[in-house]
Every structure is written in C-alpha cells, then in structure tokens.
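Reviewing the structure listed below.
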Amino acid sequence: MDTVKQWVLTVVIAAAAGAIVLMLSPDGGVNKSVRTAVSLFLIVAMIMPFAKGVDFDFRDIISENEAEAPELNDAVLEQMRAALQAEIEKILDENGIKAEEINIDMNIKNNEIAVNRIYITVDSGENIGNAEKRIREETGAGVKIEVRE
C-alpha cells in the first residue's frame, strides 16, 4: 500500500510541477512545445515505478550516436556548403559576375560550423571588389576572387 501512496504522491507532485511550468510558459508556439514536454514528464512519472526492474543504460545510446557523428557532420557540411554556394552565386549575379568555380573551405569545430576561406574563380568582372566585400560581410570568412585570363 505504501508503494501505491508513493506512486500517487509522485504523480501529484509531477502534475503540480507541470501545471506551474504551463502557467509560466508564454502563449504561442512555445506553449505547444512546453505542453508536449510536460506531458512526457507526466508519462515518465507514471511509468517509472513499473520500469524499475528495467536496466536502461544511456551510454550505449551515446556511443552509437558518436559512431554516426562523422557521417552526420559530413552531411551537415555538404548542406551548408551548397546553401553558401547558392548565396555566393546570387551575390555574384547581382554584381554581374559569372563564377567558373567556387571552393569553400569549412569545417566543424566545437559543434560550430566555421567557414575558413572562400576561393572563387571568374572569367571577368567589373565589380569584383564590391562582390568580395558583400561575400565577406555575409559569411565572415576571407574571400579570394581570381580572374582567369
């Protein structure tokens, strides 16, 4: 009987904590996320007494995710590189410059994407200085535009 009382008390405390969090959350799109989190919290509070015999080791999940991290990082870098290349091509088009080749040197450091250097090869163009400046402002990276003769 003590187990049932303890379980009920845990659920009541979890519900009270969830109600307080819901009252403090702002209206709008965030409220939906908060409601989902509180609902999951209550479900876990209700299920935990029944799952005490289950040994759940998070280290296995973390090690599996770490094994997938390099592939995920490569995919993220390729997506970011494609988006950045499209933005650079747009800036070059606005300045009347047609790029032959765009090479973007970037990597992931401390869970942040760093754009180290951007190398662009063009046939010709009058507004190269303006394009370099805009690309540098947009990306925060060093830009080198070479005119191929």
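Taken together, the values in this text are just the output of simple stated rules run on the coordinates, not laboratory data. Everything numeric here is computed off the predicted structure, so don't read it as measured data. Note that each Cβ is placed from the backbone with ideal geometry, even for glycine, and that neighbours are counted across all protein chains shown.
Numbers below:
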| read-out | value |
| --- | --- |
| Simple spin-label estimate for residue 86 and residue 46 in nanometres, 7 Å along Cα-Cβ | 4.3 |
| Modelled FRET efficiency - R0 25 Å, residue 148 with residue 108, Cβ distances, 0.05 increments | 0.20 |
| Rounded to 5, the percent of DSSP beta bridges in segment 107-149 classed as antiparallel | 35 |
| Those lysines that a straight Cα-Cα span of less than 18 Å connects to residue 5, excepting residues fewer than 8 apart in one chain | 52 |
| Relative packing of 10-16, 102-108, 115-121, which averages over residues the other C-beta atoms within 10 Å, highest first | 115-121, 102-108, 10-16 |
| In nm, spacing of pseudo-spin labels at residue 79 and residue 119 (7 Å Cα→C-beta vector) | 2.7 |
